[in-house]
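Scroll down for the structure; my scribbles are underneath it.
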Amino acid sequence: MRVLVLGGDGYLGWPTALYLSRQGNDVGVVDNFARRQYDHEMGVESLVPIRSLKRRVQCWEEVSGSRIEAFVGDLTDDGFVYRVLTEFSPDTIVHFAEQRSAPYSMIDRSHAVYTQVNNVVGTLNLLYAIADIDPSIHLVKLGTMGEYGTPIHRH
């Protein structure tokens with residue numbers, strides 16, 4: 001099976017890609033490195049150093065003999081999304097590419113807007129590309145659907 005993991009540089013995406021590759025699937029990963037940019041912007045870093053995606057892909061091939069194809073780009077760029085789906089031709093897409101940090105999105109208006117554009121427009125571009133290119137592609141999506149505020153109870 002050909003599986004494309006979106007958010008493949010992330011803490012869920014990379015282990016998922018390794019697992020799927022180890023199971024004998026042809027795996028591709030997509031990332032725009034936004035999470036690395038958030039950390040830089042916030043002046044934080046991981047407790048454990050995280051090598052570049054390029055280096056991790058090289059290491060995986062050295063230790064496993066299997067190749068993971070990496071695509072660097074942004075899901076909010078519809079041309080990029082269409083190109084990757086056409087070029088990689090996945091059977092299944094695992095979508096971990098949403099900005100998941102509520103505190104980040106709540107910094108101010110621009111961070112909230114960025115989060116919405118990244119999460120909603122990126123996913124819409126993906127859905128339209130699947131519909132146009134190959135509607136038989138299976139989509140597994142894990143993303144934020146959180147809403148913040150006080151719920152109103154109606155009786």
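Quick check on Glu41: is it surrounded by fewer than 19 Cβ atoms within 10 Å (Cβ to Cβ) and within 30 Å of Ile133 (Cβ to Cβ)? So Glu41 fails the test.
When restricted to residues that are in a loop (DSSP other than H, G, I, E, B) and not acidic (Asp, Glu), segment 35-56 contains 9.
Considering each residue of segment 131-141, count those that are among the aliphatic types (A, V, I, L, M) and over 14 Å from the mean Cα position of the chain (by Cα), and give that number.
Just the residues of segment 131-141 that are among the aliphatic types (A, V, I, L, M), to begin with: 131, 133, 137, 139-140.
When the remaining residues are screened for being over 14 Å from the mean Cα position of the chain (by Cα), the result is 131, 133, 137.
Qualifying residue count, segment 131-141: 3.
The single residue among Ala70, Ala129 that is under 23 Å from Thr16 (Cβ atoms), touching a strand residue (DSSP E or B) at 6+ places or on another chain (Cβ under 6 Å), of a type in the set (Gly, Ala, Ser) and surrounded by 14 or more Cβ atoms within 10 Å (Cβ to Cβ) turns out to be Ala70.
Only one of Val63, Val72, Val29, Val81 is of a type in the set (Val, Ile, Thr), over 28 Å from Ala129 (Cα atoms), out of contact with any Ser or Thr (no Cβ under 7 Å at 6 or more places or on another chain) and at pLDDT 95 or above. Can you tell me which? Explain how you work it out, then say what you get.
On the way: Val72 fails: over 28 Å from Ala129 (Cα atoms); Val29 fails: over 28 Å from Ala129 (Cα atoms); Val81 fails: over 28 Å from Ala129 (Cα atoms).
None of the others qualify; the one that does is Val63.
So how many residues does segment 48-57 have that are surrounded by 13 or more Cβ atoms within 10 Å (Cβ to Cβ) and out of contact with any strand residue (DSSP E or B) (no Cβ under 9 Å at 6 or more places or on another chain)?
Here is the first cut: in segment 48-57, the ones surrounded by 13 or more Cβ atoms within 10 Å (Cβ to Cβ) are 50, 53, 56-57.
Keeping just the survivors that are out of contact with any strand residue (DSSP E or B) (no Cβ under 9 Å at 6 or more places or on another chain) gives 50.
Total satisfying the criteria: 1.
When residues in segment 5-34 are screened for being out of contact with any strand residue (DSSP E or B) (no Cβ under 6 Å at 6 or more places or on another chain), free of Cβ contacts under 8 Å to residues at least 40 places away in the same chain and either at negative phi or not in a loop (DSSP other than H, G, I, E, B) (or both), 4 of them pass.
Being farther than 15 Å from Thr92 by Cβ and among the small types (Gly, Ala, Ser) is the filter here, so list the residues in segment 7-30 that pass it.
Here is the first cut: in segment 7-30, the ones farther than 15 Å from Thr92 by Cβ are 9-12, 14-15, 18, 22.
Across segment 7-30, the qualifying residue is only Gly10.
Considering only residues in segment 115-126 that are surrounded by fewer than 17 Cβ atoms within 10 Å (Cβ to Cβ) and touching a residue at least 12 places away in the same chain (Cβ under 8 Å), the one that is farthest from Ser89 (Cα to Cα) turns out to be Val117.
Restricting to segment 28-46, name every residue that is over 13 Å from Phe96 (Cβ atoms) and within 16 Å of the chain's Cα centre (by Cα).
Passing the criteria: Gly28, Phe33, Arg36, Gln37, Tyr38.
The values are calculated or read from the model by the stated rules, or taken from the named source; none is laboratory data. As the structure is a computational prediction, the values presented were derived from the model and not from experiment. So basically every Cβ, Gly included, is an ideal-geometry build from the backbone, and we count neighbours across all protein chains shown.
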